[in-house]
Amino acid sequence: MKIQPNKHTLWLPLLAILFSGNLLAASNLKTEQAILTPPPMVPPAINRDHSAKVVINLETREQVGRIADGVEYVFWSFGETVPGSFIRVREGDEIEFNLSNHPSSKMPHNIDLHAVTGPGGGAESSFTAPGHTSTFNFKALNPGLYIYHCATAPVGMHIANGMYGLILVEPKEGLAPVDREYYLVQGDFYTKGEFGEAGLQPFDMAKAIDEDADYVVFNGSVGSTTDENSLIAKVGETVRLYIGNGGPNLVSSFHVIGEIFDTVYVEGGSLKNHNVQTTLIPAGGAAIVEFKVEVPGTFILVDHSIFRAFNKGALAMLKVEGPDDHSIFTGKTAENVYLPEGSAIQSLDNTFTKITANNKNEQIRFGQRIYEANCMACHQANGEGIPGAFPPLAKSDYLNNNPLLGVNAIIKGLSGPIKVNNVNYNGVMPAMNLNDEDIANVITFVLNNWDNAGGKISAEQVAKQRK
Amino acid sequence: MIFSLLMMSLALAEPPKMVALPAGNYRPLYMNKNSPQTFVGAFSIDITPVTNAQYLKFVTNNPRWQPQQIPSIFAEAQYLQHWQQNQTAKQPSQGQLNSPVVNVSWFAAQAYCQSLNKSLPTVAQWERVASASATQPNGSLEKSYNQRILQWYSRPSSKQLPEVGTNPANYWGAQDLHGLIWEWTEDFNSALVSGESRGDSDINQKLFCAAGAQGAADPSDYAAFMRFGFRSSLQAKYTLPNLGFRCAKSKE
């Protein structure tokens with residue numbers, strides 16, 4: 001991402017010299033241009049031992065972006081990303097802040113930096129119409145990690161559209177060096193369509209007021225920081241995460257699955273807590289967390305209000321590479337069957353209306369869902385089972401010779417030695433708590449896939465087997 | 001061919017037709033439900049925003065409002081920047097003729113209206129005519145009304161603006177109040193909205209308070225909040241790529 005110097009702001013340092021009586025620039029500090037980075041990157045640590053005058057140029061944009069696969073949203077942003085560019089300054093620095101609102105914007109925008117000591121955090125001083133630039137100055141008095149956000153009416157909507165980011169004010173003594181630093185901000189989004197509904201989704205004001213979020217995400221979209229976009233580290237390294245929560249509504253229970261935070265800078269301030277599992281990050285707040293990664297694997301970063309993680313997108317990944325250390329974590333060393341209830345499906349509510357298959361094709365289609373939910377874990381997606389453990393259903397002589405044996409296995413379970421395609425198996429299959437129709441459908445599905453013999457089983461045939 | 005284009009331009013350059021509104025009441029956004037409504041006298045207002053063709057005729061007849069002539073205190077450098085420079089002057093392209101004129105300052109817009117013995121509408125006049133839906137004077141009674149407006153506000157501006165008059169007419173017969181451009185009002189800077197939309201509760205309880213704005217007549221009317229917020233970010237010399245105008249005339 002590029003932050004381009006704005007032509008309105010280039011002459012401002014000159015002005016500052018001419019009219020230095022009015023500006024913080026009165027002091028004779030060295031001037032430097034702030035390095036801003038898009039998420040999840042963090043600017044390099046500041047290693048000077050004196051204060052400086054730091055010039056920050058940030059631009060507000062309104063632009064269409066991806067919020068999930070196939071779903072677009074009009075984001076309002078600082079520096080073309082959600083969250084906005086990461087800003088890093090040092091305690092005692094004097095900051096000249098130039099906020100430019102792109103000419104294509106529909107809205108005026110401003111910025112309230114929680115790191116500012118002064119009315120509105122700079123909001124009023126930076127109120128900027130489209131195609132204009134505002135400048136204000138402030139001194140970074142308090143060290144810590146702070147949210148910044150747009151505070152133009154209606155504030156909620158500007159924040160809900162992604163106008164937030166983090167500014168780090170490093171303490172004078174600096175932060176301890178670490179191997180990796182990353183930048184994540186959680187935010188909740190409210191769209192006309194439900195989660196995942198395709199197309200360009202407009203902002204839904206009613207849902208925002210009800211705090212009924214469709215998306216809760218890190219860094220502006222579902223999957224922003226997963227798979228090939230995951231954060232990375234190597235075994236033995238120390239990772240520092242700068243975590244913010246833009247809101248607008250929800251607070252975050254930030255947790256890394258499989259890690260314990262060695263240190264948390266509570267609420268982004270000076271208080272350090274140690275050995276923390278989950279840290280609460282308020283809307284409009286932040287935290288710094290540090291941990292050493294001792295073992296390899298993929299570590300999942302979540303909002304532990306867990307439905308948000310797995311149903312609304314609040315999930316990121318940290319991939320750690322390096323050698324295993326079995327003295328810390330072994331992986332699975334044994335697996336045995338455990339059958340206290342003898343059922344695969346537990347039912348909470350039977351009030352939904354049952355849809356019945358009307359023909360063989362529907363039986364196959366419905367049966368596939370039953371298969372995926374109940375059978376696939378052992379017999380595998382391709383029906384080939386796992387050699388030595390779970391017999392194949394594909395081209396299975398056992399099943400094709402007498403499909404009712406399959407029905408019986410589901411109804412009553414199956415244990416002891418059997419022979420399938422001339423291979424001996426001696427395992428345990430639990431009885432499945434499926435109704436007659438589901439069993440008929442799933443057997444019919446199996447019979448009509450993977451080069452099996454075809455045919456179908458009816459619910460009546462299943463009922464007969466139960467007797 | 002040139003002759004016929006010229007003829008068409010002339011026809012397009014006729015000022016917009018007007019609709020008349022009777023005297024009536026309007027409740028400003030920041031009033032609560034019990035506060036008295038504001039009386040708005042009878043007035044007429046242009047059915048559509050002023051187009052590039054109409055504005056071209058104005059600057060042709062009034063050269064001091066041409067881009068190369070206008071003093072910088074009356075308009076920023078971006079004044080009419082979407083027009084093309086030909087040998088003699090800046091002009092809109094053929095495709096822009098019937099689109100709303102934008103990149104005009106308040107001074108320029110007011111001068112255009114005055115040249116036709118009209119003026120810019122007041123905020124009260126504009127909001128009164130704009131609060132109507134297609135079927136009734138108070139559109140906020142219809143659930144979809146605000147959401148539809150918001151959808152336009154939340155989309156970035158398109159480079160080429162559509163032509164005026166393509167949105168359906170509202171209850172009063174006026175078009176394009178929502179969904180095309182922002183519009184100048186005569187007293188755009190009279191609402192005391194500061195850049196700090198949360199702090200204003202200290203100044204005046206009836207204006208914006210914290211994000212929820214409990215003092216407002218209709219706190220859910222985010223569309224109106226955005227208009228008031230937008231207006232208060234302006235200065236009279238500003239020229240923006242999505243800000244145009246239409247004219248009004250109060251009944252004597």
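The values are calculated or read from the model by the stated rules, or taken from the named source; none is laboratory data. Since we're looking at a predicted model, the values are computed, not measured. Cβ: placed from backbone, ideal geometry, glycine included. Neighbour counts: every protein chain shown. Note: areas computed on protein heavy atoms with side chains; ligands, DNA, RNA excluded. Shrake-Rupley method; radii C 1.70, N 1.55, O 1.52, S 1.80 Å.
Rounded, prolate or oblate for the range A:184-321? Axes are the square roots of the Cα gyration tensor eigenvalues, ordered a ≥ b ≥ c, and the cut-off for rounded is a/c under 1.5.
Oblate, because a/c is 1.5 or more while a/b does not exceed b/c.
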Item to check | A:Ser126 - accessible surface, heavy atoms, 1.4 Å probe, Å² rounded to 10 | outcome: 0
Checklist outcome for this item: Note on the range A:202-229: residues buried by at least 20 Å² of accessible area once partner chains are added (vs chain on its own, 1.4 Å probe) come out as A:Pro202, A:Phe203, A:Met205, A:Ile209
Checklist outcome for this item: Taking A:Val295, A:Val71, A:Val423 and ranking on accessible area (1.4 Å, protein atoms only), highest first, one gets A:Val423, A:Val295, A:Val71
Checklist entry - How much of the accessible area of the protein assembly as shown, in percent, comes from carbon and sulfur atoms when a 1.4 Å probe is used? => result 53
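Pairs A:Lys332/A:Lys419; B:Lys118/B:Lys237; A:Lys139/A:Lys292: which are spaced more than 25 Å apart, C-alpha to C-alpha?
Listed pairs above 25 Å: A:Lys332/A:Lys419; A:Lys139/A:Lys292.
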Item to check | Three semi-axes of the equivalent ellipsoid, chain A, Cα gyration tensor, whole Å, largest first | outcome: 58, 26, 17
Checklist entry - For A:Leu271 and A:Asp69, what does the FRET efficiency come to when R0 = 35 Å and r is the distance between their Cβ atoms, rounded to the nearest 0.05? => result 0.30
Checklist outcome for this item: Karplus-derived 3J(HN,Hα) from phi for the range B:44-49 (6.51 cos²θ - 1.76 cosθ + 1.60, θ = phi - 60°), whole Hz, x at Gly and Pro, runs 10, 9, 4, 5, 10, x
Item to check | A:Cys378 accessible area, assembled protein chains, probe 1.4 Å, Å² | outcome: 50
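Looking only at other chains, what is the average number of their beta-carbon atoms within 10 angstrom of each beta-carbon in B:226-235?
Mean number of neighbouring Cβ atoms from other chains: 5.
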Next on the checklist: Around A:Gly244, under 15 Å between beta carbons, what's the net of Lys plus Arg minus Asp minus Glu among the other residues?
Outcome noted: -3
Checklist entry - Which value, in debye to the nearest 20, gives the size of the charge dipole of chain A about its Cα centre, when Lys and Arg are +1 and Asp and Glu are -1 at the Cβ? => result 560
Item to check | Average beta carbon contacts from partner chains per residue of A:127-134, 10 Å cutoff | outcome: 6
Checklist entry - Can you give the mean number of other chain Cβ atoms that lie within 10 Å of the Cβ atoms in peptide A:106-112? => result 6
Item to check | Heavy-atom accessible area ranking, 1.4 Å probe, most first, across A:His158, A:His102 | outcome: A:His102, A:His158
Next on the checklist: Checking an interface number: how much accessible area is buried between B and A, summed over both chains, with a 1.4 Å probe, in Å² rounded to 100?
Outcome noted: 2800
Checklist entry - Put A:Glu32, A:Glu237, B:Glu183 in order of accessible area, largest first, 1.4 Å probe: what do you get? => result A:Glu32, A:Glu237, B:Glu183
